[in-house]
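A short worksheet on the structure shown next.
The values are calculated or read from the model by the stated rules, or taken from the named source; none is laboratory data. Everything numeric here is computed off the predicted structure, so don't read it as measured data. Backbone-built Cβ (ideal geometry, glycine too); neighbour counts: all protein chains shown.
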Amino acid sequence: MSGSGQIQRRKLSEAVLERLMDRISAGEFPPGGQLPSERDLMDAYGVGRPAVREALQSLERSGIITITHGERARVTVPSARRLVAQIAGGAQHLMRIAPGSVEHLKEARVFLEAGLARLAAERATDEGLAALRDLLGQQRRARARPRDFVDSDMAFHRQIAAMTGNPIFPAVVEATFGWLGAHHRSLVRAPGAESLTLAEHERIVEAIAARDAARAEAAMRDHLTRVNALYGSLLRPDVESEMAQAAP
């Protein structure tokens with residue numbers, strides 16, 4: 001069996017992990033394929049069950065395999081969404097323990113989504129534009145329903161990312177919303193923010209529909225920069241209390 005041979009040194013689970021990664025990378029176990037049983041791996045590498053299980057659990061945490069009770073581990077079919085989701089827990093922890101990282105993430109979001117608006121304008125299809133206009137209409141109708149308004153706002157930004165044709169971008173935008181969490185919801189639902197958001201979204205749609213990449217990029221940058229500035233102005237005890245009461 002290729003990749004077999006008893007392991008003599010190093011932490012056993014790390015060595016098993018390295019051997020398995022080599023075999024997966026070489027294509028011995030393709031996406032969707034099953035790994036050998038735990039017993040077969042124990043025999044192949046001359047190690048005990050704990051070392052094999054620890055190695056398999058490391059692969060699962062990395063999103064490389066899935067483990068289902070009663071079945072052999074299976075190599076995961078990779079997707080951009082799954083890969084980006086792997087860092088969600090760490091990113092949210094960073095937001096909690098390092099307040100300055102929120103500002104870094106907001107800055108990165110402006111840079112990313114302004115570029116996505118440019119690409120969307122360059123690559124827009126009639127179908128994509130129709131979906132974007134429909135989402136803007138949904139958001140207008142949800143103006144009096146804060147939770148639905150926020151959901152429509154997120155869907156609008158995801159659609160622009162999807163219009164680039166690159167599956168990585170919607171996954172990153174989705175993850176960004178998750179990392180910002182309550183910060184984003186509070187901004188979209190801040191008093192008076194609905195009218196501004198709708199007007200700015202309308203300008204973004206008009207620029208993308210005109211295939212004007214530079215105008216679309218500028219409209220998105222202006223929109224998100226205004227949102228970031230609003231967040232700064234809301235960091236007062238009276239407004240924070242109001243935001244907390246309105247939070248879902």
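Within the range 37-53, being part of a loop (DSSP other than H, G, I, E, B) and under 12 Å from GLU14 (Cα atoms) holds for one residue alone: VAL47. The set of residues in the range 54-72 being surrounded by 13 or more Cβ atoms within 10 Å (Cβ to Cβ), over 22 Å from LYS11 (Cβ atoms) and among the β-branched types (Val, Ile, Thr) consists of THR66 alone. Considering the range 20-53, the residues that are hydroxyl-bearing (Ser, Thr, Tyr) and surrounded by 12 or more Cβ atoms within 10 Å (Cβ to Cβ) include one that is farthest from ARG74 (Cα to Cα), namely TYR45. State yes or no: is LEU129 closer than 19 Å to ARG203 by Cβ, in a helix (DSSP H, G or I) and touching a Ser or Thr at 6+ places or on another chain (Cβ under 7 Å)? Spelling it out, it is not the case that LEU129 is closer than 19 Å to ARG203 by Cβ, in a helix (DSSP H, G or I) and touching a Ser or Thr at 6+ places or on another chain (Cβ under 7 Å). Checked against (1) within 18 Å of ASP222 (Cβ to Cβ); (2) surrounded by 14 or more Cβ atoms within 10 Å (Cβ to Cβ); (3) modelled with pLDDT of 95 or more, LEU129 passes all but a single condition, namely (1). Within the range 119-161, if we keep just the residues that are over 16 Å from ALA175 (Cα atoms) and acidic (Asp, Glu), the residue that is farthest from the chain's Cα centre (by Cα) turns out to be ASP126.
Of the residues examined, THR164 is not one that is modelled with pLDDT under 95 and buried (at least 19 other Cβ atoms within 10 Å of the Cβ).
Under the condition of being charged (D, E, K, R), at pLDDT below 90 and within 23 Å of the chain's Cα centre (by Cα), which residue from the range 177-225 is surrounded by the fewest Cβ atoms within 10 Å (Cβ to Cβ)? Here the answer is ARG189.
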